[in-house]
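The next block holds one structure in the form of structure tokens; read it before the comments.
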Amino acid sequence: MQTQLPLFFDSAMPVGTARRAIAQSLSASGINSDHADARILVCAALGIEYAELISDPARPLREGAAILETFVARRLNGEPVSRIIGARDFWRARFKINPRVFDPRPSTEALVEAALDYAAQCRKQDWKILDLGTGSGAILCSLLQCLPESTGVGVDLSYQACRIASANLANLGLAQRGFIVCGNWTHSLSDRFDMIVSNPPYVAQGEFVSLPREVIAHDPRLALDGGEDGLAAYREIIPGARRLLAPGGVMALEIAASQRFAVESLVQQGFGSHAESKLDLDGHWRVVMACAPP
């Protein structure tokens, strides 16, 4: 599709003009998040906050023009904004990501919310948290931020993910309360935890052909592939979580909406207790929870 974007950005072009041109071009290319994407790309290219963009729209692009041109070309080629700027806003913070690390989705905030809702019902303050398949560390960091007396461990099989998660913990001032283990789910762990959370890979192998191009091209397959039926990771996580979960502790797992009953059944078999499912903000089943017997 022909776009309306100029072939280049002049260093003297006002940021407000550039932002409007980008939004028009993205919209003409069928990108629905045109205005939000334009704002994020301009701010990232110039290293400014949104407030500066709004308060001084006549400010020239200067040396940010060439960077912005590259950013926009990548977006028009289908690359997600978070991949272009190397970061994703999640819960209360911005998290670094790279091409080998899963890009945390806004829907995963439902997992954080469900875990925090459970914690709010308990008198306990010093939670010991385990995040399985931590990726960027977004879930673990968000829980540690909201539970200031807690400590946590994030586990991931990917060395690159472990490096990014460690960096995010450090950047948020959480390195003294959280650390990262490079390993396969619960296999290398023996400690007990009060809260176990996970957003595991849950895409069935037959569903890969129907995934959006942005997902297939830019998310690591290791973070997506849930085996033949999408449930392979749950079959590993649930028995390990039952072994590691302290009495009265809680486990919360992210799921695809269509997997609700299958994962509930696996949890009930593994825990011998009732499993409860939670909706995300879009009204989709997103989290399955269970408690260890006291």
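Only the coordinates and a few stated rules stand behind these numbers; no lab work does. Computed from a predicted model, the values in this text were never measured in an experiment. In this analysis, Cβ positions are derived from the backbone assuming ideal geometry, glycine residues included, and neighbour counts consider all displayed protein chains.
How big, in percent, is the set of alpha carbon pairs in the stretch 1-137 lying more than 26 Å apart?
It works out to 36 percent of all Cα pairs.
Evaluate the relative contact order of the stretch 143-231 (contact order divided by residue number), counting alpha-carbon pairs under 8 angstrom at least 6 apart; express in whole percent.
In percent, rounded to a whole number, it is 25.
Once the Cβ-Cβ distance between F8 and H35 is put in as r, and R0 is 30 Å, what FRET efficiency do you end up with, to the nearest 0.05? Can you show the working numbers first?
Details: r = 22 Å, r/R0 = 0.73.
After rounding to 0.05, the efficiency reads 0.85.
Dividing the alpha-carbon Rg of the stretch 72-126 by 2.2 N^0.38 Å yields what?
Normalised by 2.2 N^0.38 Å, the Cα Rg of the stretch 72-126 equals 1.54.
Projected onto the charge dipole of the stretch 181-294 (+1 at Lys/Arg Cβ, -1 at Asp/Glu Cβ, origin at the Cα centre), which of P239, F271, P294 gives the Cα projection farthest towards the positive end?
P294
How much net charge surrounds L76 when only other residues with a Cβ under 15 Å from its Cβ are counted (Lys, Arg +1; Asp, Glu -1)?
Summing Lys and Arg as +1 and Asp and Glu as -1 gives -1.
In square nanometres, what is the average projected area of the Cα convex hull of the stretch 106-257?
8.9 nm²
Quick one: if you stick a label point 7 Å off each Cα along the C-beta vector at Y159 and D229, how many nm between them?
3.5 nm
What is the Cα coordinate range of the stretch 187-252 on the first, second and third principal axes, sorted by size from largest, in whole angstrom?
Projected onto the principal axes, the Cα atoms of the stretch 187-252 cover 43, 20, 20 Å.
May I ask what percent, to the nearest 5, of DSSP beta bridges between residues of the chain are antiparallel?
Working: 15 of 35 bridges.
Roughly 45 percent of the beta bridges in the chain run antiparallel, per DSSP.
For the chain, what is the mean residue ellipticity at 222 nm derived from helices alone (per DSSP H run of n ≥ 4: -39500 (n - 2.57); sum divided by total residues; nearest 500 deg cm²/dmol)?
Only helices count here, giving -12000 deg cm²/dmol.
So what is the relative contact order of the stretch 15-85, in percent, for Cα pairs below 8 Å that sit 6 or more residues apart?
Computed value for the stretch 15-85: 35 percent relative contact order.
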